[in-house]
Amino acid sequence: MAEKATSTAPIEQRAAAVEMVLRRHDMLPDGFVDDFTEHADDAWVTANGAQMVARAWTDPAFRARMLADGTGAARDMGFEFPEHHRHLVVLENTPDVHNVIVCTLCSCTAYTIIGAAPGWYKDLDYRARVVRQSRTVLGEMGLDLPASTEIRVWDTTADTRYMVLPLQPPATEGWPVDKLAAIVTQDALIGAARLDVTKG
Amino acid sequence: MDSLHDLGGKQGFGRVNYPDAPHEETWEPLVRALTAAGIRNHVFNMDEWRHAIERMAPKHYLTAPYFERHLTAVATLLVEKGLVTREALQAMVEGGFPLAGPIGPGRLAAPPQDFAIGDRVRVKNEYVPGHVRMPGYIRGKTGVVVGVTPPYPFPDAAAHNMQATMEPTYDVRFRSRDLWPDSCDDALNHVGVFQSYLEKVAED
């Protein structure tokens with residue numbers, strides 16, 4: 001006998017059911033969801049990576065340390081990692097090399113350092129295409145790189161996490177660190193954009 | 001497993017939906033916290049969770065929003081770990097509660113090998129029924145080791161609750177034209193490859 005097709009239960013109901021199961025097993029203390037959400041929203045933000053970048057632009061010793069040991073450099077600045085993010089690698093953009101990050105198998109990101117992954121990063125189209133059509137995809141996203149620029153695509157397949165160190169826009173030479181940090185976007189930390197303060 | 005989560009290099013996809021449209025779903029932070037609670041209470045580890053997402057029916061995987069995939073994985077693992085029966089979970093909602101498909105066999109790490117920066121390596125031509133973190137687009141392909149990481153638990157074992165030996169991954173650099181000859185943009189593709197997935201290429 002053919003099973004009668006049932007429509008899928010609303011996602012809110014399914015989430016509430018899983019929440020109830022975890023509560024019954026004392027695995028979800030009162031306040032956990034709110035506390036976890038508040039901590040994630042407050043502590044795991046793009047401003048962390050932006051501060052690291054701004055400091056690297058202004059402090060050559062820190063830049064060298066960050067490129068050699070991204071995890072240590074992030075911890076020095078008070079930033080944290082979940083247990084399974086064991087190694088942060090910082091990828092230095094130069095006029096001749098542009099780095100871009102993806103996770104083709106899921107959507108892994110250094111979320112405590114660059115913030116929760118944006119929607120486009122989790123998009124199936126991005127995951128499928130950027131490894132194979134990097135220049136085309138970046139162009140479609142508004143980033144036209146010179147033909148001479150070598151593109152390096154980094155697939156986050158293991159527990160190594162990546163962050164791009166963007167090029168400092170020439171117009172910002174001499175700016176104080178806080179002002180520099182404010183221009184660093186999440187898209188630039190992933191490598192989908194270059195920073196330009198001259199555009200409106 | 002060779003399922004549709006392994007998207008790298010697949011053709012027929014369209015323009016990336018960029019930039020993001022403003023988007024707020026109240027259930028999403030709840031799902032994020034439910035995953036965290038499952039991990040912190042050692043109900044499952046990250047690899048088991050990732051593999052549960054991969055085991056979703058392809059049609060469901062491709063159409064479910066990102067956090068629905070997470071929720072489906074957590075619900076599946078709660079059933080598989082015996083915290084709730086499928087029937088009890090189903091009875092808590094009005095409508096279907098799709099879960100991921102059954103888990104296949106896992107595998108242990110290969111005997112240790114030693115690769116050095118500069119070595120030419122080949123990704124083994126393996127077809128793995130369980131969890132694996134080798135994207136299909138590098139299978140059987142040759143690249144150069146340009147970096148080494150500290151050891152991580154071997155995911156093919158960890159996702160199946162087997163003894164997960166710690167082993168390094170190698171940052172292997174491939175040329176895009178070696179991966180997709182005559183049908184790609186020129187680039188260097190870097191992939192973090194577990195030691196067990198690699199074999200040395202004999203020097204000429």
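Readers should treat all values here as calculations from the given coordinates under stated rules, not as data from a laboratory. Because the structure is predicted, anything quoted here is derived from the model rather than measured. As a convention, Cβ positions derive from the backbone with ideal geometry for all residues, glycine included, and neighbour counts pool all protein chains shown.
Some observations on this one:
- A Förster radius of 35 Å, combined with the Cβ-Cβ distance separating B:Gln163 from B:Ile117, puts the computed FRET efficiency at roughly 0.75.
- As a proxy for reagent exposure, A:Ile151, A:Ile190, A:Ile114 were ordered by neighbouring Cβ count within 10 angstrom, fewest first; the result is A:Ile151, A:Ile190, A:Ile114.
- Taking amide H as placed 1.01 Å from N in the peptide plane, the amide H of A:Glu92 sits under 5 Å from that of A:Leu165, each at least 5 places away or on another chain.
- Between amide H atoms placed 1.01 Å from N, distances below 5 Å from A:Tyr162 occur with A:Val89, A:Ala110, all of them 5 or more places distant or on a separate chain.
- Loop GluC sites (Glu not before Pro), segment B:115-204 (other Cβ atoms within 10 Å of the site Cβ: 11 or fewer; DSSP): B:Glu203
- Within segment A:119-200, the trypsin sites (Lys or Arg not before Pro) that combine a DSSP coil assignment with at most 15 other C-beta atoms in a 10 angstrom radius are A:Lys199.
- In terms of distances greater than 21 angstrom between alpha carbons, the cross-link table entries B:Lys141/B:Lys200; B:Lys59/B:Lys141; B:Lys124/B:Lys200; A:Lys122/B:Lys141; B:Lys10/B:Lys141 yield B:Lys59/B:Lys141; A:Lys122/B:Lys141.
- Where trypsin sites (Lys or Arg not before Pro) fall in DSSP loop in segment B:1-89, at most 15 other Cβ within 10 Å: B:Arg15, B:Lys81
- Evaluated over the Cα positions of segment B:120-200, the convex hull gives a direction-averaged projected area, one quarter of its surface, of 5.4 nm².
- Unpaired by the 4.7 Å Cβ criterion, cysteines found in chain A: A:Cys106
- Average projection area in nm² (convex hull over Cα atoms of chain B, one quarter of hull surface): 14.1 nm²
- Burial ordering of A:Trp154, B:Trp49, fewest other beta-carbon atoms within 10 Å first: B:Trp49, A:Trp154
- Evaluated on the protein assembly as shown, the Kirkwood hydrodynamic radius is 22.2 Å, with distances taken between all distinct Cα atoms.
- Alpha-carbon Rg with Dmax, taken over segment B:31-90, Å: 11.0, 31
- For B:Gln163, the shell of other residues with beta-carbons less than 15 Å away shows a net charge of -3, using +1 for Lys and Arg and -1 for Asp and Glu.
- Compactness of segment A:45-190 was expressed as the Cα radius of gyration divided by 2.2 N^0.38 Å, which yields 1.00.
- Cβ-based net charge around B:Pro153, under 9 Å, with every Lys or Arg adding one and every Asp or Glu removing one: -3
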